[in-house]
Amino acid sequence: MVTMPIFAIVVYLIVMVGAMEKPPKFLEGSGVKKLMGFSFIGLFGGGILISFYYMILRFIELLSNY
């Protein structure tokens, strides 16, 4: 749903930076790596939790209509 376009943008950025012969220097810092890790976990972890919530909600709704 919402995470799909964000996922596409993140994959695009990963491919573009990965295709560079020499990555930019600011991407090699430890603070940037921590920030990228937290943002990756936050973005996709949050998306997984939201999707799981709505999946359970729709399942309960389906059972109540049965």
*Inspect segment 26-46 for any residue being surrounded by 10 or more Cβ atoms within 10 Å (Cβ to Cβ), among the hydroxyl-bearing types (Ser, Thr, Tyr) and at pLDDT 85 or above and give the result as yes or no.*
no
Expected output for segment 1-30 (first residue among the aliphatic types (A, V, I, L, M), partner surrounded by 10 or more Cβ atoms within 10 Å (Cβ to Cβ) and in a loop (DSSP other than H, G, I, E, B), Cβ below 8 Å, 6+ apart or cross-chain) is Val17/Pro23
Out of (1) assigned to a loop (DSSP other than H, G, I, E, B); (2) surrounded by 10 or more Cβ atoms within 10 Å (Cβ to Cβ), the one Ile14 does not meet is (1)
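The values are calculated or read from the model by the stated rules, or taken from the named source; none is laboratory data. Not measured: the values here are computed from a predicted model. Using ideal geometry, Cβ is built from the backbone for each residue, glycine included, and neighbour counts are taken over all protein chains shown.
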